[in-house]
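The block underneath contains the structure these notes are about, expressed in structure tokens.
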Amino acid sequence: EAMRCNAVSAAVTHNHPSGDPLPSQDDIDLTGDIQQALAMVEIRLVDHVIVGGHETYSLKRSGYIEIPMENEMHLAAEQNEMKRKTKWENKKCREDENLL
């Protein structure tokens, strides 16, 4: 879905029905696998959030996902550019539909 939408970044979330949001080793390993897979198609994983009961756990905030500061600034610029392009493309699509 991220590729179809031309995403430059993605966040992942899942829940722990037990109510404990602390990540298991499988959660941590999966986060690394997702980050590597997304990197192959030039999409950055910006966070993996686990929801347990009324609490959340951010793997980025906990240091499992690192995005260097210069990449965060570049990422923000890329996201703004993609938003601008998407708005233009959506407007162009609506205009084209009106011509039909």
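Among the residues of the range 16-57, the one identified as among the hydroxyl-bearing types (Ser, Thr, Tyr), surrounded by fewer than 17 Cβ atoms within 10 Å (Cβ to Cβ) and outside any loop (DSSP other than H, G, I, E, B) is Thr56. Checking the range 58-66 against the condition returns no match, with no residue being open to solvent by 90 Å² or more (accessible area, probe 1.4 Å) and at pLDDT 95 or above.
Scanning the range 28-56 for residues that are of a type outside the set (Val, Ile, Thr) and over 16 Å from the mean Cα position of the chain (by Cα) gives Asp29, Gly52, Gly53, His54, Glu55. Do the conditions hold for Thr13, that is, is it open to solvent by 70 Å² or more (accessible area, probe 1.4 Å), among the hydroxyl-bearing types (Ser, Thr, Tyr) and touching a strand residue (DSSP E or B) at 6+ places or on another chain (Cβ under 8 Å)? In short, yes.
The values are calculated or read from the model by the stated rules, or taken from the named source; none is laboratory data. Model, not experiment: these values are computed from the prediction. Cβ: placed from backbone, ideal geometry, glycine included. Neighbour counts: every protein chain shown. Ligands, DNA and RNA are excluded from the accessible area calculation, which covers all protein heavy atoms including side chains. Shrake-Rupley method; radii C 1.70, N 1.55, O 1.52, S 1.80 Å.
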